[in-house]
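The values are calculated or read from the model by the stated rules, or taken from the named source; none is laboratory data. Note that the structure is a prediction, hence the values are computed from the model and not measured. No Cβ is skipped: glycine too gets one built from the backbone with ideal geometry, and neighbour counts run over all protein chains shown. Just the protein is used for accessible areas: all its heavy atoms, side chains included, with ligands, DNA and RNA removed. Shrake-Rupley method; radii C 1.70, N 1.55, O 1.52, S 1.80 Å.
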Amino acid sequence: MPTSIRVLAPRTLGAAFLLFACAGMALAKPMGEGDARHLLNRTGFGAPPASVAAYARLSREQAIERLLASARTAPTLAPPELSFGNMARIRSLGEEEKQAALREEFRRGAEMRAWWLREMVVTPSPLTERMTLFWHNHFVSSQQKVKSGKLMLDQNLLLRRHALGNFGEMLHAVGKDPAMLVYLDAASNRKGQPNENFAREVMELFTLGEGRYTEADIKEAARAFTGWSIDRESGSYRLRPAMHDDGVKTVLGQRGRLDGDAVLDILLAQPATADFISAKLWREFVSPEPDSVQLKRIAQQFRNSRYDIREALRALLATPAFWAPENRGALVKSPVDLVVGSVRTLEMPVTDALPLAFAVRQLGQDLFAPPNVRGWPGGEAWIDSSTLLARRQFIERLLRSGDGGAVMRVAEGGRRAELREAFGKGANRLDDDARRRMLQAAADLRFDARHWLARHPDAAAVERALLPVPPVEALPAGLDGIALVRAVALDPAYQLK
């Protein structure tokens, strides 16, 4: 070896080792409160002070492992008990009975939303609920079309079971999920009359992404999914062999007597699937625009793990981009982030989340009812002149309670007007008992400013607790107490995470 190379090699190797060691040290040393808040806000909903203190003592690596180890497959709160209503039977009812049945379905939907939002507030694993919500907006179904709270609730429980499990197993389960079969018209997909909706969306939105398949692939895959249906009496999945097309099909170059499961396996074998899901996870957790080099490595680990979602998240959360200063405050809070994150960060006890369900709905994220098959677009689409005003009004109402008042004052007169102003017109579809319940639950939702401010004694501490980046607007001089908290929370930076 030439002398120059012998001299250069140790230096080059030493520099490389130093870079590697620095990255490892960042993951290994205690991360402090700033990193803890960033991690908790991105992987859950808000950053409660007690959680921040607990995670601040951990290294980044330890914190990531704690988050992944705490993931659950079932909710902590018992879900509502709902029965399956045969919509064909409901359509045969008289007009008055039909309207009563639809009101009952609306009530069930409100109960489901309140249950899920309270689960987000009280769960010991916010990451589980974050991922359940992520998959809800990936494998989209809507109660508005499915018209069965029971089927939508069952789908929610399915997504939670698989939320941090194996993506391939979840894909197969979702393909046979009754809510999905109804939503994408797959329940009526039959030999000789194939319906292409599920075949198209499973390629474009669930696995490969646009441009990685042909119309012929969709037509052939639709034939493979024929016979996947539901039992109209129980609402459970049912395979109908007589409706299945068992002829030879060709999908993405694979030829044979393919059924639906075989097609899903073909999609999972495509490298594009790991790329597509990894990019979507990146946009959920890191920044609007993925780093191509880092994303390629994450997708490769995801593929090598045979679609272990925990492995994808482990790689994603450990990547330098997740912790980079330029990516702090790079994401816009969704309505769920804003509402649930606020009550968790401000340590407000929630015994009944019905008001939160309608607050989230009014801000544009009606759970169990995404706007279309693509779901909520997210990002800057969450903010416009109308929703920004509604967000500010929500924060002002929420922090009104810190003055000794309540989020909603329960007045004898004007209850419908109060509900409509605070929670949108949909709240007035509730019956009298439910409206009283909602007003009382809102009145019970209080911010203990004295207790919270004892942990955040000055303006700098309040800003660090509530904002991911420095405030956009200068705070008025001399603010303290609840007025200080309100001013910081009303800063535009509070809308970011």
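The set of residues in segment 98-128 that are open to solvent by 40 Å² or more (accessible area, probe 1.4 Å) and under 15 Å from the mean Cα position of the chain (by Cα) contains only R118.
Considering only segment 235-244, I want to know if a residue exists there that is over 18 Å from Q155 (Cα atoms), open to solvent by less than 50 Å² (accessible area, probe 1.4 Å), charged (D, E, K, R) and modelled with pLDDT of 95 or more. No: segment 235-244 contains no residue that is over 18 Å from Q155 (Cα atoms), open to solvent by less than 50 Å² (accessible area, probe 1.4 Å), charged (D, E, K, R) and modelled with pLDDT of 95 or more. Against the numbered list (1) touching a helix residue (DSSP H, G or I) at 6+ places or on another chain (Cβ under 8 Å); (2) of a type outside the set (F, W, Y); (3) without any contact (Cβ under 8 Å) to a residue 12 or more places away in the chain, V286 comes up short only at (3).
Can you list residue pairs whose Cβ atoms sit under 7 Å apart, with the first residue in segment 174-188 being without any contact (Cβ under 8 Å) to a residue 40 or more places away in the chain and the second being open to solvent by 30 Å² or more (accessible area, probe 1.4 Å) and among the aliphatic types (A, V, I, L, M)? Count only pairs 6 or more apart in sequence or on different chains. Between residues of segment 174-188 that are without any contact (Cβ under 8 Å) to a residue 40 or more places away in the chain and residues that are open to solvent by 30 Å² or more (accessible area, probe 1.4 Å) and among the aliphatic types (A, V, I, L, M), there is no close pair.
Keeping to segment 325-336, report how many residues are assigned to a helix (DSSP H, G or I) and open to solvent by 10 Å² or more (accessible area, probe 1.4 Å). Before you say what the answer is, go through the steps one by one.
Going residue by residue through segment 325-336, those that are assigned to a helix (DSSP H, G or I) are 325-327, 335-336.
Next, only the ones that are open to solvent by 10 Å² or more (accessible area, probe 1.4 Å) stay: 325-327.
Adding up the residues that qualify gives 3.
Restricted to segment 247-261, and to residues that are touching a residue at least 12 places away in the same chain (Cβ under 8 Å) and not in a strand (DSSP E or B), which residue is surrounded by the fewest Cβ atoms within 10 Å (Cβ to Cβ)? Write out each step before concluding.
In the first step, residues of segment 247-261 are kept if they are touching a residue at least 12 places away in the same chain (Cβ under 8 Å); the result is 247, 249-252, 254, 258-261.
Then keep just the ones that are not in a strand (DSSP E or B); that gives 247, 252, 258-261.
Working: G247: 11, L252: 19, L258: 24, D259: 19, G260: 25, D261: 15.
By that ranking, first place goes to G247.
Residues being open to solvent by 40 Å² or more (accessible area, probe 1.4 Å) and among the charged types (D, E, K, R): count how many of those fall in segment 366-382. So the count comes out to 2. For segment 274-284, the count of residues that are closer than 26 Å to P377 by Cβ, assigned to a helix (DSSP H, G or I) and β-branched (V, I, T) is at least one. Summed over segment 303-318, residues that are crowded, with 20+ Cβ neighbours inside 10 Å and not in a helix (DSSP H, G or I) total 1.
Between E196, E220, E201, E169, the distinction of being charged (D, E, K, R) and either over 30 Å from L367 (Cα atoms) or touching a strand residue (DSSP E or B) at 6+ places or on another chain (Cβ under 6 Å) (or both) belongs to E220 only.
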